[in-house]
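Visitor: A single structure is presented below for examination.
The values are calculated or read from the model by the stated rules, or taken from the named source; none is laboratory data. Source: prediction; values computed, not measured. Neighbour counts are summed over all protein chains in view; Cβ atoms, including those assigned to glycine, are modelled from backbone coordinates with ideal geometry. We work out accessible area using only protein heavy atoms, side chains counted, and drop any ligands, DNA or RNA first. Shrake-Rupley method; radii C 1.70, N 1.55, O 1.52, S 1.80 Å.
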Amino acid sequence: YEWEKVKNGVEIDGFKLSGWLYWHLNHWKLTTDDTDNPDNINSDINIITPDLRDNELVINNALLRAETERKGICIMGLRQMGKTSFESSYGGRSGVVFKNSQNLIMGTSDDDLNNITASIDFGLLNCTPYFRIPRITRDWGAERVQLGVKNKSGDNLIYSTYVIRNTGGGKKTEKGAGVSNLKSNLWDEIGKDDFLSALTATKPAMLGVNGWRTIPICTGTGGNVVKAQDA
């Protein structure tokens, strides 16, 4: 039952929770300050399932519409929205739920990509035990992390793959090409540099017989007024 809910969502009292929102609120994990001791600067860091905020409700509605209309989503221009938490949760769910999928994470700098992949790594290791999948490879800096196991013969039985690509300030436009069977397509900090050419290169990997098989999600908090022209 939980597998069905995190894949296709659930309707409760007339309100539709997307598969992502159900996953996010019930099975994903984040770190947060100890709210029991808010005045103590030396309080512990807790591991929690996320709270339901207005921000997540807005994203949930956008996702449901995007999946129905086969369109992308752009989230831009605000801080403290929790975009890294959202991106990591969305990407983490995709790698767990969709067997044989490839999940693309794109950015224009190593620092930004490291923030997202570290959050995905943490969430995959700490999510509900039923949904934890072993790793074949673990180095998020090597452009590819594979979930799955090795059999007794030493062959890789790949469950799903994360592909991490850095466009080098938007100059390496081919970095988005050559990926197939995309089930998530995450683009971080699109306001910092050019990204449209690299995004266009992923279009063939997003197309299935019924249109887009995935929803491209582009996020950013702001950027240089010249370099943010693509955004």
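Visitor: Specify the residue that is surrounded by the fewest Cβ atoms within 10 Å (Cβ to Cβ); the eligible residues are those in the stretch 57-76 that are part of a helix (DSSP H, G or I) and not aliphatic (A, V, I, L, M).
Guide: Here the residue is T68.
Visitor: Looking at E4, E11, can you tell me which residue is surrounded by 11 or more Cβ atoms within 10 Å (Cβ to Cβ), more than 18 Å from the chain's Cα centre (by Cα) and modelled with pLDDT of 95 or more?
Guide: From the options E4, E11, the qualifying one is E4.
Visitor: Moving on. Which of the residues that make up the stretch 80-116 are of a type in the set (D, E) and open to solvent by less than 10 Å² (accessible area, probe 1.4 Å)?
Guide: If the condition is that a residue be of a type in the set (D, E) and open to solvent by less than 10 Å² (accessible area, probe 1.4 Å), then E87 is the only one that fits.
Visitor: Could I ask something else about it? Would a scan of the stretch 126-136 turn up a residue that is open to solvent by 10 Å² or more (accessible area, probe 1.4 Å), touching a residue at least 60 places away in the same chain (Cβ under 8 Å) and either among the small types (G, A, S) or at positive phi (or both)?
Guide: Within the stretch 126-136 (the criterion being open to solvent by 10 Å² or more (accessible area, probe 1.4 Å), touching a residue at least 60 places away in the same chain (Cβ under 8 Å) and either among the small types (G, A, S) or at positive phi (or both)), the answer is no, since none of the residues qualifies.
Visitor: Still on this structure, please answer the following. Among the residues of the stretch 77-98, are any within 13 Å of the chain's Cα centre (by Cα), under 28 Å from D194 (Cα atoms) and not in a helix (DSSP H, G or I)?
Guide: The answer is yes; a qualifying residue exists.
Visitor: Something else now. Regarding the stretch 135-156, can at least one residue be identified that is part of a helix (DSSP H, G or I) and in contact with a helix residue (DSSP H, G or I) (Cβ under 7 Å, 6 or more places away or on another chain)?
Guide: Checking the stretch 135-156: at least one residue is part of a helix (DSSP H, G or I) and in contact with a helix residue (DSSP H, G or I) (Cβ under 7 Å, 6 or more places away or on another chain).
Visitor: Hey, among the residues in the stretch 1-20 that are without any contact (Cβ under 8 Å) to a residue 60 or more places away in the chain and of a type in the set (D, E), which one's farthest from V97 (Cα to Cα)?
Guide: D13
Visitor: State all residues of the stretch 89-116 that are hydroxyl-bearing (S, T, Y) and at pLDDT below 95; if no residue qualifies, say none.
Guide: Of everything in the stretch 89-116, those that are hydroxyl-bearing (S, T, Y) and at pLDDT below 95 turn out to be S101, T108, S109.
Visitor: Looking at S184, S160, S153, S180, which one is at negative phi and without any contact (Cβ under 8 Å) to a residue 40 or more places away in the chain?
Guide: It is S153.
Visitor: Right, next: Being open to solvent by less than 10 Å² (accessible area, probe 1.4 Å) and touching a Lys or Arg at 6+ places or on another chain (Cβ under 7 Å) is the filter; apply it to the stretch 183-210 and report the residue that is nearest to M106 (Cα to Cα).
Guide: A198
Visitor: Scan the stretch 161-168 and give yes if some residue there is open to solvent by less than 70 Å² (accessible area, probe 1.4 Å) and over 17 Å from L113 (Cβ atoms), otherwise no.
Guide: no
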